[in-house]
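Beneath this line is the structure, given in structure tokens, with notes to follow.
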Amino acid sequence: MKKYIKPVIKFIAADILFDILCTIFAAYIPVLQKALFDDLAEGILSRIPAIIVAFIVLQGLSCACVYICMLCTWKIAITFEKALKRDLISALLNKDERSFYTYSTSDYISIQGNDITAIEQDYLTPWIDVLRSVNMFVIYAVVIVVYVDWRIALAIILSSFLVVIGPKITGNITSGKRLKYQNQAADYVNCITDLLNGYKLVNRFTRKNILKVHEKTLNTTADKRYAYGKSKTISLSINDAAVRVIQIVSFICACALLMRGEISIGAGVATFSYVSSFISPLESILYDVSAIQSTTEVRKKFLNILSFGIRKDFPAPQNVERGIALRNVTYHNGTFHMRIDHLDFEKGKKYAIVGSNGCGKSTLLKLIMQYLSPDSGTISLDGTPVCELDTSACISYIDQNEYIYRAGLHDNVTIFDSYPEADAQIQNHFWRRKTDTSEDTDCQKMSGGERQLIAFLRVAARKTPIVLMDEPFAAMDVINTEKVQDYLLKSRDMADKTVIVITHAVSEETLAKYDVVVRADAFRVPEVNTGD
């Protein structure tokens with residue numbers, strides 16, 4: 001966390017400085033109270049106006065310092081949280097595919113919201129609070145020694161060492177309970193995301209059972225939160241007991257000194273004021289240390305996500321000389337097994353991949369893209385294993401459910417100007433703009449066919465020498481399907497590019513447009529029955 005504290009250190013320093021000033025001003029208020037009672041006891045009334053003026057001035061200065069401290073607190077929290085969120089998203093977008101999919105999108109959203117908020121509120125803020133409390137502790141101790149009685153200060157300080165016991169006893173337990181709750185909170189986000197995305201399946205027959213699924217997850221989340229709250233309550237109760245012991249010790253000490261006449265009534269009144277003020281930072285330290293310890297596992301999880309699975313810098317070829325070759329590739333997932341002994345995709349040729357559902361067509365493309373890892377064998381590009389390459393400059397991939405951003409056409413096609421060299425003529429040829437469609441229209445609101453057309457335009461914008469497409473025409477109308485196919489298979493722009501398309505259109509007329517038809521059913525290994 002040191003990396004994230006460094007940018008806010010100047011604001012923390014300013015916060016602590018003005019908090020020290022505020023504490024000094026506040027610490028002198030009981031001194032004025034002591035002076036007021038002692039002067040009244042001795043019948044000295046001439047200094048009372050000066051005491052009143054000093055009291056007002058100290059209160060005004062304290063108020064100004066509090067205002068500056070609050071501004072610094074906001075600046076610290078916002079800057080710290082922004083740095084955490086920036087690094088999280090940067091780390092996620094730099095992960096390799098397998099590491100990225102360790103968690104779901106909903107998990108990452110929960111981490112972005114819940115975990116980062118917890119780190120900011122229960123780690124950084126408490127640490128600053130501890131510094132403030134230590135300042136208050138030292139300042140009040142000095143003032144009590146100088147203006148009240150050193151024996152009272154000593155009694156309070158010695159009994160204050162009890163504060164270290166509570167967090168040590170309960171810290172690890174609370175930390176574990178908190179992590180369980182945070183993980184369950186992520187599961188709840190997953191649940192409601194899943195249920196709301198399936199809104200079209202809600203009707204009078206399904207609504208009751210869908211609500212039951214939500215209720216079950218909601219109850220589990222509430223139970224985990226209560227378990228964490230119970231653990232935290234025990235921790236705070238132990239801390240509260242320690243504070244009350246300090247109050248008892250200081251009260252008895254002050255009473256004994258008053259009865260023996262070793263301190264004045266004014267000093268006694270000031271003592272009780274100081275005990276209350278002295279206890280406040282001790283309570284804060286107890287609470288803050290418990291809060292900091294409760295985030296231990298959450299911080300470990302967050303830092304692990306930042307460092308785990310970051311994509312390595314591999315060579316990134318832009319041109320293809322020969323093509324893609326698969327040799328003795330095997331892959332299995334549960335009962336699904338596939339084997340490819342020998343398969344080549346040569347430069348400039350157009351391939352149609354056909355086969356029954358579940359035979360491994362999509363799996364084949366995902367293996368080439370490294371979204372999946374083969375159990376054995378090699379997949380190479382121009383003789384170099386793809387696992388040793390960054391293929392983003394030479395291979396583009398889209399499927400029938402290609403993600404469309406909540407943005408306009410240009411940003412979706414060029415991925416926010418990532419491919420500024422996109423050919424506007426191609427875009428205008430394939431995209432017939434409606435009169436009510438502007439450049440800023442949210443493309444997520446468009447039809448399935450329009451979305452697939454946008455996905456194709458992305459391929460055109462990237463201009464990679466190899467194009468992989470998984471059922472790219474499923475939702476397109478006949479006219480656009482023919483136009484896109486003709487462009488991919490016959491246009492001058494695509495003449496020297498390798499195009500690999502998974503298709504369910506298996507008519508002789510359609511398949512005749514391709515150079516090679518690959519039948520994926522041959523790759524699936526039949527499930528072996530090991531029973532008697």
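The values are calculated or read from the model by the stated rules, or taken from the named source; none is laboratory data. Here the structure is a predicted model, which is why all the values come from computation and not from measurement. So basically every Cβ, Gly included, is an ideal-geometry build from the backbone, and we count neighbours across all protein chains shown. Note: accessible area is taken over every heavy atom of the protein model, side chains too, but ligands, DNA and RNA are not part of it. Shrake-Rupley method; radii C 1.70, N 1.55, O 1.52, S 1.80 Å.
Dipole of the chain computed with +1 at Lys/Arg Cβ and -1 at Asp/Glu Cβ about the Cα centre; of 150, 444, 479, farthest Cα towards the positive end is 150.
On the beta carbon distance between residue 307 and residue 218, with R0 = 30 Å, the FRET formula returns roughly 0.35.
Taking the charge dipole of the chain about its Cα centre, with +1 at Lys and Arg Cβ atoms and -1 at Asp and Glu Cβ atoms, the residue from 111, 412, 364 reaching farthest to the positive side is 111.
Using just its DSSP H runs of length 4 or more, each adding -39500 (n - 2.57), the chain gives a mean residue ellipticity at 222 nm of -20000 deg cm²/dmol after division by all residues. Helices that extend 27 Å or more along their long axis by alpha-carbon positions and average at least 1.0 on the Kyte-Doolittle scale are, among the DSSP H runs of the chain, 9-42, 48-93, 125-147. Computed from the C-beta positions of residue 344 and residue 146, the FRET efficiency with R₀ = 60 Å rounds to 0.10. Classify segment 301-372 as rounded, prolate or oblate, taking a ≥ b ≥ c as the square roots of the eigenvalues of its Cα gyration tensor: rounded when a/c is under 1.5, otherwise prolate if a/b is larger than b/c and oblate if not. In terms of gyration-tensor shape, oblate. Too long at a 32 Å Cα-Cα cut-off: which of 95/497; 95/513; 2/177; 6/224; 95/361? Table pairs above 32 Å Cα-Cα are 95/513; 6/224. Qualifying chymotrypsin sites (Phe, Trp or Tyr not before Pro) in segment 1-50, where qualification requires a DSSP coil assignment and no more than 12 other C-beta atoms within 10 Å, are lacking entirely.
Lacking any other cysteine beta-carbon closer than 4.7 Å, the following Cys residues of the chain have no compatible partner: 63, 69, 72, 191, 253, 255, 359, 387, 394, 443.
Extension gain, residue 321 to residue 244: 0.36 nm times the residue separation minus the Cα-Cα distance gives 19.8 nm. A simple spin-label model places the labels of residue 78 and residue 54 4.0 nm from each other, with each point 7 Å out along Cα-to-Cβ. The listed residues 2, 366, 34, 216, once ranked by accessible area (1.4 Å probe) with the largest placed first, stand as 2, 216, 366, 34.
Calculate the FRET efficiency for residue 94 and residue 207 from the Cβ-Cβ distance with a Förster distance of 56 Å, rounded to the nearest 0.05. That gives a FRET efficiency of 0.85. Between residue 392 and residue 70, the contour length at 0.36 nm per residue exceeds the alpha carbon distance by 111.2 nm.
Normalised by the number of residues in the chain, the mean separation of alpha-carbon contacts (under 8 Å, six or more apart) gives a relative contact order of 16 percent.
Protection proxy ranking, highest mean first, for peptides 408-419, 461-472: 461-472, 408-419, where packing is the per-residue count of other beta-carbon atoms within 10 Å, averaged. In order along segment 327-336, the phi-based Karplus estimate (6.51 cos²θ - 1.76 cosθ + 1.60, θ = phi - 60°) of 3J(HN,Hα) comes to 10, 6, 7, 10, 7, 9, 8, x, 8, 8 Hz; Gly and Pro are listed as x. Per-residue SASA remark: residue 487, around 30 Å² accessible (1.4 Å probe; ligands, DNA and RNA not included).
Between segment 456-532 and segment 1-53, what is the separation of their alpha carbon centroids in Å? After rounding, the separation between the Cα centres reads 77 Å.
Each of residue 332 and residue 495 was given a label point 7 Å from its Cα along the Cα-to-Cβ line. The distance between the two points is 4.8 nm.
Using C-alpha pairs below 8 Å separated by at least 6 residues, the relative contact order for segment 1-111 is 41 percent. About its Cα centre, the dipole of the chain is roughly 840 debye, where the only charges are +1 on Lys and Arg Cβ and -1 on Asp and Glu Cβ. Solvent-accessible area per residue in the chain equals 54 Å², computed with a 1.4 angstrom probe and all protein chains kept.
Can you pull the percent of the chain's accessible area that's carbon plus sulfur, 1.4 Å probe, other chains left in place? Answer for the chain is 58 percent, counting heavy atoms of protein chains only. Grab the other residues whose beta carbon is less than 12 angstrom from that of residue 65, score K and R as +1, D and E as -1, and report the net. Charge balance in the 12 Å sphere: -1.
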